[in-house]
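Encoded as structure tokens, the structure appears first; notes follow it.
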Amino acid sequence: MNLNLSVVGDCGMRQYCEQCASQRGVLDACRFLGHVSAETLSDCMNACDIACVPSRNEPFGIVVLEAWDAAKPVIATDAVHLIDDSSNGIVGYQNPESIAWCVNYSMGDLEATKKMGRNGKKLVETMYNWDRIADDTVGVYRRLDE
């Protein structure tokens, strides 16, 4: 199986990550894109099979919602609190070995992995859509006005 990796965004560690990929002989399979346009981000998300969010601190998880919007399953650390493990993604620990295990596991049953992405898409459509967010916000303001 060929695995291609595209890294979008810039966490300030690009040079280090490129060096690590080079030392491990996988640099030719990696693309370190840095900041990209919304169109390129959408193209990358639609082209991927899984989205991996190995964050140590993730206050909300917009990347997770973007992946789910594209019906992609998400592999993330336990710092990402949106994921229901094995339902709409896979949750691992905040270390490289655990993330690697999660990626490998997700490749074991591709139909189950794809279903996780579809389940995430349903959440975006029902729970994390702008109409619901707007209604919830208006509800907060109304309670404050009482």
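Quick rundown of the values:
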item	result
Virtual spin-label span in nm between residue 134 and residue 22, 7 Å along Cα→Cβ	5.0 nm
Gain on full stretching of the segment that runs from residue 111 to residue 14 - 0.36 nm per residue minus C-alpha separation	31.6 nm
Considering only the chain, percent of DSSP beta bridges that pair antiparallel, nearest 5	10 percent
Coarse-grained scattering of the chain at q = 0.15 Å⁻¹, given as base-10 log I(q)/I(0) from a Debye sum over alpha-carbon atoms	-0.81
In order through segment 53-66: 3J(HN,Hα) via Karplus (6.51 cos²θ - 1.76 cosθ + 1.60), integer Hz, x for Gly, Pro	10, x, 5, 9, 8, 9, x, 9, x, 4, 4, 4, 5, 5
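Read-outs throughout are calculated quantities, based only on the coordinates presented, and are distinct from any laboratory measurement. All values derive from a computational prediction rather than experimental measurement. Ideal geometry is used to build each Cβ from the backbone, glycine not excepted, and the neighbour counts take in all protein chains shown.
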